[in-house]
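Right, one structure below, let's go through it.
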Amino acid sequence: MESTLCIIKPDAVKNGHVEDINKKIEESGIEIIKSKRLTLKKYIAEEFYAEHSERPFYPELVDFMTSGDCVIQILQGDDVVKRYRELMGATNPAEAVEGTLRQLFASSLGENAVHGSDSKQSAEREIAIMNNLF
């Protein structure tokens with residue numbers, strides 16, 4: 001059994017999509033084993049997105065992720081990293097396949113509703129950072 005991290009981002013929380021996103025996750029056969037709604041502290045967002053710290057979008061990303069409540073979740077299931085990435089859809093909602101979370105709930109490339117770990121290694125690192133918040 002594999003685990004991955006899911007973040008329902010501030011835009012999706014503000015727009016009232018949490019229940020609909022979780023329903024799609026559960027309908028896909030992925031189990032939500034931990035979930036907590038909170039506003040991320042800046043230092044946690046900075047650590048979480050540290051790999052992007054040299055990129056021009058980093059300050060805007062940190063500001064967005066700390067701008068309001070988000071829902072931090074640990075998901076579990078067989079091959080869950082890959083399966084959840086497919087369910088999320090392309091980063092740009094305009095390119096996301098119909099029925100994916102980003103196609104349904106994201107408003108833009110920057111406000112794209114959800115985050116999911118991109119590999120097993122990333123999932124381990126991300127879960128370790130967020131696990132203390134539960």
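Overview of values
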| quantity | calculated |
| --- | --- |
| Cα-centre dipole for the chain with unit charges at Cβ (Lys and Arg positive, Asp and Glu negative), debye to 20 | 280 |
| Inter-label distance for ASP78 and LYS14, nm, one decimal - labels placed 7 Å from Cα along Cα-to-Cβ | 4.0 |
| SER28 versus HIS52: modelled label distance in nm, points set 7 Å from Cα along the beta carbon direction | 1.9 |
| Helical contribution to [θ] at 222 nm, DSSP H n ≥ 4, -39,500 (n - 2.57), averaged over the chain, rounded to 500 | -11000 deg cm²/dmol |
| Surrounding net charge for LYS14, when Lys and Arg each add one and Asp and Glu each subtract one, Cβ distance under 15 Å | -4 |
| More than 19 Å apart - percent of Cα-Cα pairs taken over the chain | 46 |
| Listed pairs LYS14/LYS41; LYS14/LYS36; LYS24/LYS82; LYS9/LYS36; LYS24/LYS120; LYS36/LYS120 exceeding 19 Å between Cα atoms | LYS24/LYS120; LYS36/LYS120 |
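Where a number appears in this text, it was derived from the coordinates with a stated rule and is not lab data. Everything numeric here is computed off the predicted structure, so don't read it as measured data. Cβ atoms come from the backbone with ideal geometry, glycine included; neighbour counts cover every protein chain shown.
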